[in-house]
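Student: Have a look at this one before I ask anything.
The values are calculated or read from the model by the stated rules, or taken from the named source; none is laboratory data. Just so it is clear, the structure is predicted and the values come from calculations on it, not from any experiment. Cβ: placed from backbone, ideal geometry, glycine included. Neighbour counts: every protein chain shown. When the accessible area is computed, the model is the full protein with side chains, heavy atoms only, and any ligands, DNA or RNA have been set aside. Shrake-Rupley method; radii C 1.70, N 1.55, O 1.52, S 1.80 Å.
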Amino acid sequence: LATAYYKSGELNKAVDVYNAILALKDTEKTAYFLRGTIRLEQGDYEAAIQDFDKTISLNKKDYGQLISIYQVLEQNGYKQIGQEYLQAAVETDEKSMTDYERGRINYYLEDYASASTYLERARSAGDEEIILYLGKTYEALGDYNYAASVYSSYLAEHTDSEQIYNQLGMCRIQMGNYEDALQAFQAGKNVEDNSMLQTLQFNEIVAYEYVGEYKKAA
């Protein structure tokens, strides 16, 4: 219900729903996070920060939620504040974090050298998200060849990852390798139960334009 109000632009009504949820269950951290997100969009920074602090206090080791808070702050012009949350988590919990958690947080802190070190250690787990962050870290370092090899190595054994196909295509576009980028996007489109079909189709259009196939793009 709150999401429906939010998507229809009725932000105050969405906040009212989250207020009602929290009146019934004051440990519902997702409601705090989403209410904080709306409050930030409304320009109520102080109230938003209170909600984000409460969200974190309910599960300090939920680093995925912490990154979501960072992303919301970054999108609304408070990137430095978001990075302060991440830095505080690293300073407090680093010893208890997995290599993947350390690597992912360092990626958003833009400490790509540290991120690559931790993510390389975690790579043997073969998890799709680890591979995605590892490749994106090398892209941020400007090493597109190695990033592409990370994605390609994963896809050699896992042909059902539309996310990795899409990122491989984007990486190859940065390399100026447009034909191979087009192939990556098309392979991604062939994955069953595809969650990124629209994104892949858009990127396929862009790749067709780069190779001069304007009729196909149209």
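Student: How large is the helix-only mean residue ellipticity at 222 nm for the chain, computed as the sum of -39500 (n - 2.57) over DSSP H runs with n ≥ 4, divided by its residue count, in deg cm²/dmol to the nearest 500?
Tutor: Computed ellipticity for the chain at 222 nm equals -23500 deg cm²/dmol.
Student: Going by average Cβ neighbours within 10 Å, how do the peptides 157-164, 6-13, 34-41 rank, with the highest at the top?
Tutor: Put in order of decreasing packing, that is 34-41, 157-164, 6-13.
Student: Continuing with the same structure: What whole number of Å gives the distance from the Cα centroid of region 15-71 to the Cα centroid of region 179-205?
Tutor: Each part reduced to its Cα centre gives a spacing of 35 Å.
Student: Using volume of the Cα convex hull per residue in Å³ as the read-out, say which of (i) 141; (ii) 167; (iii) 153 was calculated from these coordinates.
Tutor: Identified label for the calculated read-out: (iii).
Student: Using Cα pairs under 8 angstrom and six or more residues apart, how large is the relative contact order of the chain, in percent?
Tutor: Averaging sequence separation for qualifying contacts and normalising by length gives 8 percent for the chain.
Student: Still on this structure, please answer the following. From the cross-link list Lys7/Lys136; Lys29/Lys189; Lys61/Lys136; Lys7/Lys61; Lys79/Lys216; Lys7/Lys216, which pairs have alpha carbons spaced over 28 Å apart? If you can, show how the numbers build up before the last one.
Tutor: Values: Lys7/Lys136 30 Å; Lys29/Lys189 36 Å; Lys61/Lys136 24 Å; Lys7/Lys61 30 Å; Lys79/Lys216 40 Å; Lys7/Lys216 34 Å.
Checking Cα-Cα distances, Lys7/Lys136; Lys29/Lys189; Lys7/Lys61; Lys79/Lys216; Lys7/Lys216 exceed 28 Å.
Student: For region 86-218, what does the accessible surface come to per residue with a 1.4 Å probe? Please give it in Å².
Tutor: On a per-residue basis, 53 Å².
Student: Considering only protein heavy atoms and a probe of 1.4 Å, how much of the accessible area of the chain is carbon and sulfur, as a whole percent? All intermediate terms of the calculation are to be shown ahead of the outcome.
Tutor: Working: 5210 of 11700 Å².
C and S atoms contribute 45 percent here.
Student: In what sequence, largest accessible area first, do Met97, Met196, Met175 appear using a 1.4 Å probe?
Tutor: Met175, Met196, Met97
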